[in-house]
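Right, one structure below, let's go through it.
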Amino acid sequence: MTQITWEDAFCGEGANCFRIGTDSVGNAYIAVAGAEDRYLTDSRDALRALIRDIKAGKADHLL
């Protein structure tokens, strides 16, 4: 089984908390805090691109 190293939770208003994790082979993980056994996974490069696009405002229409 893959060992995931989870970062501290990122929480928004209303206590919506997410955690980001990585493993030793280059994968990245996103999960709802408290439900880390049910995660989304992709490469670290994909996570990096997602974060860059969010910072650039490309997901603002979802808010």
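Do the conditions hold for G21, that is, is it more than 23 Å from L63 (Cα to Cα) and surrounded by 14 or more Cβ atoms within 10 Å (Cβ to Cβ)?
yes
Which count do you get for residues in region 6-37 that are more than 10 Å from the chain's Cα centre (by Cα) and closer than 20 Å to A49 by Cα?
Total satisfying the criteria: 5.
Could you list, in sequence order, all residues of region 24-63 that are over 23 Å from E13 (Cα atoms), surrounded by 11 or more Cβ atoms within 10 Å (Cβ to Cβ) and not hydrophobic (A, V, I, L, M, F, W, C)?
Passing the criteria: N27, T41, D42, S43, R44, R48.
May I ask you to list pairs of residues, at least six apart or on different chains, whose Cβ atoms are under 9 Å apart, with the first in region 1-18 being closer than 21 Å to S43 by Cα and the second being at pLDDT below 90 and surrounded by fewer than 10 Cβ atoms within 10 Å (Cβ to Cβ)?
From residues that are closer than 21 Å to S43 by Cα, the pairs are F18/G12.
The values are calculated or read from the model by the stated rules, or taken from the named source; none is laboratory data. Nothing here was measured: the structure is a model prediction, and the numbers come from that model. With ideal geometry, Cβ positions are generated from the backbone for all residues, glycine too; neighbour counts draw on all protein chains shown.
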